[in-house]
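A short write-up of the structure that comes next.
The values are calculated or read from the model by the stated rules, or taken from the named source; none is laboratory data. Worth saying up front: this structure is predicted, and the values here are computed from it rather than measured. No Cβ is skipped: glycine too gets one built from the backbone with ideal geometry, and neighbour counts run over all protein chains shown. All accessible areas refer to the heavy atoms of the entire protein, side chains included, with ligands and DNA or RNA removed. Shrake-Rupley method; radii C 1.70, N 1.55, O 1.52, S 1.80 Å.
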Amino acid sequence: HLHLTDDQGWRIEIPAFPRLTETGAWRTESTVGAPPAGKPDGQPHGGYYTTEDLQEIVAYAAERAITVIPEIDIPGHTQAAIAAYPALGNTGAPLPVWTSWGINENILNVAETTVDFFRAVFDHVTEIFPSPIIAVGGDEVPTTQWQNNPAAQQRMKELGLTEPDELHGWFVREIVHH
């Protein structure tokens, strides 16, 4: 299982979306120790795997009968992606790559353009990884930003949903079905 994305960094090159690695792969510092007692270390951190790096890992693993299962976490744990492309978020405001740990309220918006963005991301992932399983994360998705967001409320209405939590399942299903 190769966890490639999170709030604290985007670790896979997606050629169609270069800011994911130009911006999303780098954070200004890390929190050392568990929140709330953790302290910032003041040290920049980052990096990512190129397509070629990942192809090499997959080939090396395959020679040893190992299947590499990649994970692109959605719709939560996505602040690094939102830092790179603020339009993916719910506020439109620029955000940094997150430097702390835990559950983050900054999640993807539910616009069709955002779903399409991640369909393209997963298309690239499936070109690299021949695994029959691709992990989509899907955990720890607070729906606070969807609760009073007019676009999210409109999407709920269009889909016949009654609770913001139902958008979580809808988003994940859209990617899984893709």
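A few notes on this one:
- Amide hydrogen neighbours beyond the local backbone of residue 69, cut-off 5 Å, H modeled: 2
- Taken along its principal axes, the alpha carbon cloud of the range 1-103 reaches lengths of 43, 31, 23 Å, longest axis first.
- For the range 7-120, accessible area per residue (1.4 Å probe, heavy atoms of protein chains only), Å²: 47
- Dipole magnitude for the range 1-102: computed about the Cα centre from +1 point charges on Lys and Arg Cβ and -1 point charges on Asp and Glu Cβ, it is near 260 debye.
- Of the residues 120, 152, 34, the one that moves most in a GNM of the chain with alpha-carbon contacts below 10 Å is 34.
- Farthest toward positive dipole pole in the range 28-178 [+1 Lys/Arg, -1 Asp/Glu at C-beta], among 74, 115, 89: 89
- Accessible area (Å², 1.4 Å probe, nearest 10) - residue 131: 10
- 5 angstrom amide H check on residue 32, placed H, neighbours 5+ away: 39, 41
- Convex hull volume of the Cα atoms of the range 1-56, normalised per residue: 97 Å³.
- Against the set (i) 17.2, 57; (ii) 16.6, 51; (iii) 15.5, 45, the structure's computed Rg and Dmax of the Cα atoms in Å falls on (ii).
- For the chain, the share of accessible area belonging to carbon and sulfur comes to 55 percent (1.4 Å probe, ligands and nucleic acids excluded).
- Under 13 Å, Cβ to Cβ, from residue 89 - net charge with Lys/Arg +1 and Asp/Glu -1: -2
- Net charge contributed by nearby residues that have their C-beta within less than 11 Å of residue 12 (K/R +1, D/E -1): -2
- Approximate spin-label separation residue 51-residue 64, in nm, with each point projected 7 Å along Cα-to-Cβ: 2.6
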